[in-house]
């Protein structure tokens, strides 16, 4: 749970700052172009023109030839929008952007010193006027070939992940830890994404074991499903993750009986820190207590120990994202609980005011609620004013399951990996961003969603207890 920072805050990276960052990585300045390239006809009426814009190639050992234009192409896209142009096509593999503009000052601005570290050259594609359709925003037609089942992933469509992936599909430098029940290493959509050297099993009393046989699933497909939503490869086979280019680590914290005891989770957070992971996904609550109470002689010390592990991981650069839970409860107004402890005899009507669902309610963790396809909060999703940070699709989510297959699951467990995937894309674009900065960008680029009079929802469209700062959006986050 992060402290809500409402949308009025200044964005961390402005367009100009982002372009300046790219400029520092690019080649030398472009040759000076003509002062203007206006096209006038008849009574000197200015007409729309199309332009081909060439980005500089970034020559850096960290980038191979196929990706060397990626950052500079993105910077050119920002520049086009900043100068009032419309992007018709962007070809990041060759560093070419096709744009349309009606302002005769557009080409002059693009050739100015402001962009001379990004724009290598720009020229009109014709000498006659082009035409503008009734809808000046061209229909999106993906350059990337979608995977066969990608059209059934409504969550990806809502987050505009395919469009986002044409700008950024995830860097191999970004490592995402899936703290869960293990990942099927043989699944065709996941095999190439999993980093075995960063994977571990923590369920032997919190002692890390790195044998691949240990960190693969034995009690269901939960972890495999979560992993697919984050980073299933776009390989022409099945589904695609929000960030299909990142690496995944299987961090097994669920034992064969389905429990996630504190020592498992602490091991997972410390392992993620040791492996320098960028983001972790946590679609669970720590057993055996649904809510851990700080004044209890056993629960209080455990809260402290888990909190120390989470705080350490955050200070070392790990962003932790967690599911809000599936009890349709207001986490901001907890009263009693009769479901815990779940490993022995349950205590009826246990007072839980001031107690916490961990890890999701720990400060600094991004807390995620779930949404339906019709824009409502998922009926099962927990909520809470000043508890929920952002939301993501969580009902009827298609993803990978064990045995090389696919299935629809529902839960805040499915919403959280959508957010984790977007966070991974942000880290791919801004590798030096801190966990707090990535979390802030998730909030700043989320799409506002109002309560619309829903019972129990407190707040307004900008921030409320059902959706937090809104539904995350991959395209907004990378562009």
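The values are calculated or read from the model by the stated rules, or taken from the named source; none is laboratory data. Computed from a prediction, not measured in an experiment: that's the story for all the values here. All Cβ positions, even for glycine, are placed from backbone atoms using ideal geometry, and neighbour counts span all protein chains on display.
With the requirement that a residue be within 13 Å of the chain's Cα centre (by Cα), crowded, with 24+ Cβ neighbours inside 10 Å and under 11 Å from residue 390 (Cα atoms), what does the range 462-479 give you?
472, the sole residue that qualifies.
Can you tell me which of (1) in contact with a strand residue (DSSP E or B) (Cβ under 7 Å, 6 or more places away or on another chain); (2) buried (at least 24 other Cβ atoms within 10 Å of the Cβ); (3) assigned to a helix (DSSP H, G or I) is the one residue 277 doesn't meet?
(3)
Return yes or no: is residue 295 surrounded by 24 or more Cβ atoms within 10 Å (Cβ to Cβ), on the phi < 0 side of the Ramachandran plot and either in the same structural domain as residue 393 (by TED's automatic domain parsing) or at pLDDT below 95 (or both)?
Here the answer is no, as residue 295 does not meet what is asked.
Pairs under 7 Å by beta carbon, first residue touching a residue at least 60 places away in the same chain (Cβ under 8 Å) in the range 292-316, partner surrounded by 14 or more Cβ atoms within 10 Å (Cβ to Cβ) and in a loop (DSSP other than H, G, I, E, B), six or more apart or different chains?
292/355; 292/358; 293/352; 293/355; 314/364
Does residue 390 qualify as being under 20 Å from the mean Cα position of the chain (by Cα) and crowded, with 22+ Cβ neighbours inside 10 Å?
yes
Failed condition for residue 203, given (1) over 24 Å from residue 474 (Cα atoms); (2) in a helix (DSSP H, G or I), with all others met?
(2)
I need the full set of residues from the range 170-189 which are crowded, with 24+ Cβ neighbours inside 10 Å and part of a loop (DSSP other than H, G, I, E, B), in order please.
If the condition is that a residue be crowded, with 24+ Cβ neighbours inside 10 Å and part of a loop (DSSP other than H, G, I, E, B), then 170, 181, 182, 183, 184, 187, 189 are the ones that fit.
Which one is nearest to residue 478 (Cα to Cα), of the residues in the range 79-94 that are at pLDDT 85 or above and surrounded by fewer than 15 Cβ atoms within 10 Å (Cβ to Cβ)? Please lay out each step first, then the result.
First pass over the range 79-94, keeping only residues at pLDDT 85 or above: 79-86.
Filter once more, keeping what is surrounded by fewer than 15 Cβ atoms within 10 Å (Cβ to Cβ): 81, 84.
Working: 81: 14, 84: 19 Å.
Once the filter is applied, the top-ranked residue is 81.
For (1) under 20 Å from residue 168 (Cβ atoms); (2) at pLDDT 80 or above, each residue gets a yes or a no:
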site	(1), (2)
34	no, no
49	no, yes
53	yes, yes
56	yes, yes
63	yes, no
70	yes, no
77	yes, yes
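Need the failing condition index for residue 186 against (1) closer than 27 Å to residue 395 by Cβ; (2) over 20 Å from the mean Cα position of the chain (by Cα); (3) at pLDDT 95 or above, just the number.
Just one mismatch for residue 186, condition (1).
Sort out which residues of the range 113-128 are surrounded by 15 or more Cβ atoms within 10 Å (Cβ to Cβ) and in a loop (DSSP other than H, G, I, E, B), and write them in order of number.
Result: 116, 117, 118.
For the range 336-357, does any single residue satisfy the condition of being within 26 Å of residue 230 (Cα to Cα) and out of contact with any helix residue (DSSP H, G or I) (no Cβ under 6 Å at 6 or more places or on another chain)?
Scanning the range 336-357 turns up at least one residue that is within 26 Å of residue 230 (Cα to Cα) and out of contact with any helix residue (DSSP H, G or I) (no Cβ under 6 Å at 6 or more places or on another chain).
Test residue 392 against the criterion of being under 24 Å from residue 318 (Cα atoms), in the same structural domain as residue 330 (by TED's automatic domain parsing) and assigned to a strand (DSSP E or B), and give yes or no.
Yes.
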